[in-house]
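Visitor: Below is the structure I would like to discuss, written out as structure tokens.
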Amino acid sequence: MATKTVKTYCRFCHAYCPMEATVENNRLIALVPDTSNEMYGGYTCIKGRQMIDQIDHPTRLQQSQKKQPDGSFNAIGTELAMDEIATQLQTILDTYGPRSIASYNGTYSYQNSAAHDVARAFHAAIDSPSYYTSVTIDQPAKVAIGPTRMGWWNGGSHMWNDSDVAMIIGNNTLVSHFSIPGGIPAFSPHNALRDGKKRGIKVICIDPRVTEVASRADLHLQVRPGQDAAILAAIIAVILAEELHDKAFCLDNVEGLEQLTAQTQRFTPEAVSAAAGIPANQIIEAARMFAAGPRGTAVTGTGPEMGPHPNLLQHLVQSLNAICGRHYREGERLPNPGVLTPIGPRSAEATGPQPQWLTDGVKSRVSEDICETVVLSPYGPLKEMPTAVISDEMLLEGEGQIKALICVGGNPLLAWPDQEKTHAALSGLELLVCIDIKMAATAQMADYVLAPKMCLEREDVTLLTDIWHDKPYSQYTQTVVEAEGDKIEEWEFFWAMGKRMGLNMSMANGPINMQEKPKKFDLLANITQGSRVPLQEIYNTEGGKIFDVPDVILDAPDPTTRGRLQLFPPGLEQELEASHNDMKSSGTKDYPLLLISRRMKNTYNSTGPELSLLKSKGTTNPAFMHPQELAALQVADGDIVEVHSRHGAIPAVVTASDDIRPGVISMSHCWGGSPDPTANADQRVREIGSNTNRLIDNLENAERYSGMCRQSSIPVAIRKLS
């Protein structure tokens, strides 16, 4: 029997941990960490190690499916399915116009290194702006609104491995395996945190839970949920009042410092202490510890970004980094400008705010304040519509109404806010196509479900994480096992639609061959044209590698292009006022508890509970509450309760946890099933969990520019059901 070992990397999540796969007669028989990898040191997580189970799992789709008139599904050849889909898309395009065809590119679509660029090329070819991704569900402020309003530093911010301090706000990398540069790296995070502590890095954690990160922090501010922006304002106020900021950097590179100083003065440690439920001296200590640095970065996570005032929170975090000068300077070496990014000089200077990006794009039909968000990438600014209001774009009749949705590697019925509205929106489409490995909740509503290849069945390069490493690291993986059955890659679907519809599709660096299906390598070569390390060299390298490339030393600022970071953009005064008013509000008698989001170690959004080992770790998303709270409510660990908000109600299984403060409930999102009563999802809460998005009105407390609603720090109450 033919046996081989292949170096590859996991794409279960964004961490891309290197692995060695053993294959026998095209069957995956072993999957272990690549202990020779110098960047990761042999790290993998429990989820990635289940890919042997996942690739051959009974629930995995081996063929594409077509919905029948009675609601059942029959197998259909993928080529025939795409013929039929293309015909329907063309009819919808001709009847309703380009905007009527949308795609939602979920979390798993990011793991296919060609998927997004080819999807964008399809949208450009039909002139449809209706391109949506999962990133605008929970972090548009981080990737779009924040940089747009403030500007950005071209030399980059300090990274973990050369920092003296890190402030981590609601980000639990040890479980989520995700952080932007500056936080605990997602690449072997336990080792990174341990090594950082050994060399003396000070960790400040702001989180309402004693998370895995918080328990290892030098200072943990266990705050009341929803007060993150107020705490950041207070920390900034202390630093400015005590003149601990980097005066020289501010003089040369920022504007609006006087207004920020004046407007944050009212956020005194004492006032914020009362609202946040923590001692005032902790706020002062956090401010002094971070300001002392002298190097280090403050970063946020999904939790606070899904809570109140995310635009303000992100701006204050960026302002904190700016006033403390936490950026690389002229003459310093940039740790990693990217391996797959273009060669070119980098300057120690700011690019100023781009306010036109907030107003000049395609407007949402829901609100004049919401339009295309502009996401910064290593390849330039990229536009996408905000997912927060996509359901309304489907339901709102008239010109531009979305009539067809292509869902790639996502599960909108469980992921989008306001589940009842999402269900109504998806039900009203003329065409719903899902590309999914299983008949997930959204796939069960689709007209067609196309079976995709899984990550070990395709080649890829570490495009997404290219600039997240602190060293010039990259890996190209060959196909480990050939996909069996009738399966395609996500990008192949968009190419196939383009070919069938007679489109000319092009990416940033040139056209796509529409006559003959291109090789994936050629698509990736197009995307990475002019990269610091040629793609062919990475392709020819076995396993992941830190490449020996010339250092990038930051140039002096260019007087003709030098901008300033804007600390006080238009609208910030009103946002600070709203945050200050929230400090005075308290829980109501009807809804005395606050529901916050969390990550769980054994699942990745709605993927994982079907796999045998992960299933043994738990099959529901518990409502974690402090034992003291449960005792007061006369609820026992394991009871089923109803969690209800002003908008809806869900069942949940309570679990006692002393890592959470009283007055708070913590639950993971993306669980449960359809809200359709005939699905009987609520009766299976112990088996499939429940969906917290049923508690949320997606238009309530919506953020300006992105339309993002409040998905954490939700006022709720509970009552015992069993």
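Visitor: Over the Cα atoms of the stretch 452-505, compute the convex hull volume and normalise it per residue, giving Å³.
Guide: With only Cα atoms used, the stretch 452-505 gives 101 Å³ per residue.
Visitor: Separate question: If you find the alpha carbon centre of the stretch 571-609 and of the stretch 626-642, how far apart are they in angstrom?
Guide: Answer, in whole Å: 21.
Visitor: In addition: Give the long-range amide H neighbours of Glu459: residues separated by 5 or more places, or on another chain, with amide H under 5 Å away, using H modelled in the peptide plane at 1.01 Å from N.
Guide: Result for Glu459 returns Thr479.
Visitor: Then there is this: At 1.4 Å probe radius, can you tell me the per residue accessible area of the chain in Å²?
Guide: 37 Å²
Visitor: What whole-number distance in Å separates the alpha-carbon centres of the stretch 307-351 and the stretch 431-446?
Guide: Centre-to-centre (Cα) distance: 39 Å.
Visitor: Please work out the C-alpha center-to-center distance from the stretch 224-238 to the stretch 104-124 and express it in whole Å.
Guide: 36 Å
Visitor: Kirkwood hydrodynamic radius for the stretch 1-65: how many Å is it when counted over pairs of different Cα atoms?
Guide: 12.8 Å
Visitor: Taking every Cα atom in the stretch 167-309, find the radius of gyration and the maximum pairwise distance Dmax, and write them in Å.
Guide: When restricted to Cα atoms, the stretch 167-309 yields Rg and Dmax of 15.1, 42 Å.
Visitor: Convert each backbone phi in the stretch 546-554 into a coupling constant with the Karplus relation 6.51 cos²θ - 1.76 cosθ + 1.60 (shift: θ = phi - 60°), then list the ³J(HN,Hα) values in order as whole Hz, x for Gly and Pro.
Guide: 8, 7, 7, 10, x, 4, 9, 9, 5
Visitor: Over all directions, average the projected area of the Cα convex hull of the stretch 477-627 and note it in nm².
Guide: Here the figure is 20.5 nm², rounded to one decimal.
Visitor: Still on this model: Can you give me the pair-distance distribution of the stretch 623-700, C-alpha pairs, 5 Å bins, whole percents?
Guide: 3, 16, 25, 23, 19, 10, 4, 0
Visitor: Taking 2.2 N^0.38 Å as the expected size of a compact globular protein, what ratio does the Cα radius of gyration of the stretch 145-249 give against it, to two decimals?
Guide: 1.13
Visitor: Report the local net charge at His626: Lys and Arg +1, Asp and Glu -1, summed over other residues whose C-beta lies under 9 Å from its C-beta.
Guide: Residues close to His626 contribute a combined charge of -2.
Visitor: Still on this model: With 22 Å as the cut-off, how large is the P(r) tail for the stretch 1-153, expressed as percent of Cα-Cα pairs?
Guide: Beyond 22 Å sits 64 percent of the P(r) for the stretch 1-153.
Visitor: Continuing with the same structure: Based on the mean of other beta carbon atoms within 10 Å per residue, what is the order of 650-656, 707-713, most packed first?
Guide: 707-713, 650-656
Visitor: At a 1.4 Å probe, what is the % contribution of carbon and sulfur to the accessible area of the stretch 249-303?
Guide: Solvent-exposed carbon and sulfur of the stretch 249-303 make up 54 percent of the total.
Visitor: From the mean inverse distance of alpha carbon pairs (Kirkwood) and the Cα radius of gyration, derive Rg over Rh for the stretch 563-722.
Guide: Computed over Cα atoms, the ratio is 1.03.
Visitor: Treating each Cα of the stretch 60-115 as an identical point scatterer and ignoring solvent, apply the Debye formula and state log10 I(q)/I(0) at q = 0.18, 0.19, 0.27 Å⁻¹.
Guide: The computed values of log10 I(q)/I(0) come out as -0.93, -1.00, -1.05.
Visitor: So what's the back-of-envelope 222 nm ellipticity for the chain, counting only DSSP H runs of four-plus at -39500 (n - 2.57) apiece and dividing by all residues, rounded to 500?
Guide: -7500 deg cm²/dmol
Visitor: Within the stretch 367-494, what whole-number % of the accessible surface is contributed by carbon and sulfur, with the 1.4 Å probe and all protein chains included in the calculation?
Guide: 47 percent
Visitor: Using only the Cα atoms of the chain, what do you get for the radius of gyration and for Dmax, in Å?
Guide: Calculated on Cα positions, Rg and Dmax stand at 24.7, 74 Å.
Visitor: Which pairs in the list Lys363/Lys499; Lys67/Lys438; Lys47/Lys615; Lys142/Lys584; Lys47/Lys198 are over 18 Å apart, alpha-carbon to alpha-carbon?
Guide: Lys363/Lys499; Lys142/Lys584; Lys47/Lys198
Visitor: Which percent, to the nearest 5, of DSSP beta bridges fully inside the chain are antiparallel?
Guide: 55 percent
Visitor: In sequence order, what are the phi-derived ³J(HN,Hα) couplings for the stretch 308-324 according to the Karplus relation 6.51 cos²θ - 1.76 cosθ + 1.60 with θ = phi - 60°, rounded to whole Hz, with x for glycine and proline?
Guide: x, 6, x, 4, 5, 4, 5, 5, 5, 5, 4, 5, 4, 5, 5, 5, 8
Visitor: Taking all protein chains as present, what is the carbon and sulfur share of the accessible area of the stretch 20-68, in % to the nearest whole number, probe 1.4 Å?
Guide: Carbon-and-sulfur percentage of accessible area, whole number: 47.
Visitor: Shifting gears a bit: D for the stretch 229-346, whole µm²/s, Stokes-Einstein with Kirkwood Rh over alpha-carbon pairs at 25 °C and 0.890 mPa s: what number?
Guide: This corresponds to a translational diffusion coefficient of 158 µm²/s.
Visitor: Going by the alpha-carbon gyration tensor, a ≥ b ≥ c the square roots of its eigenvalues, is the stretch 377-496 rounded (a/c under 1.5) or, if a/c is not under 1.5, prolate (a/b greater than b/c) versus oblate?
Guide: Oblate, since a/c reaches 1.5 and b/c is not below a/b.
Visitor: For the stretch 286-367, what class follows from the C-alpha gyration tensor (a ≥ b ≥ c being the square roots of its eigenvalues): rounded when a/c is under 1.5, otherwise prolate if a/b is larger than b/c, else oblate?
Guide: Oblate, since a/c reaches 1.5 and b/c is not below a/b.
Visitor: May I pose another question? Ordered by residue, what ³J(HN,Hα) values in Hz, to whole numbers, does the stretch 274-279 give under the Karplus form 6.51 cos²θ - 1.76 cosθ + 1.60, where θ = phi - 60° and Gly and Pro are x?
Guide: Once θ is set to phi - 60°, the couplings for the stretch 274-279 become 5, 6, 8, x, 9, x Hz.
The values are calculated or read from the model by the stated rules, or taken from the named source; none is laboratory data. Worth saying up front: this structure is predicted, and the values here are computed from it rather than measured. Ideal geometry is used to build each Cβ from the backbone, glycine not excepted, and the neighbour counts take in all protein chains shown. Ligands, DNA and RNA are excluded from the accessible area calculation, which covers all protein heavy atoms including side chains. Shrake-Rupley method; radii C 1.70, N 1.55, O 1.52, S 1.80 Å.
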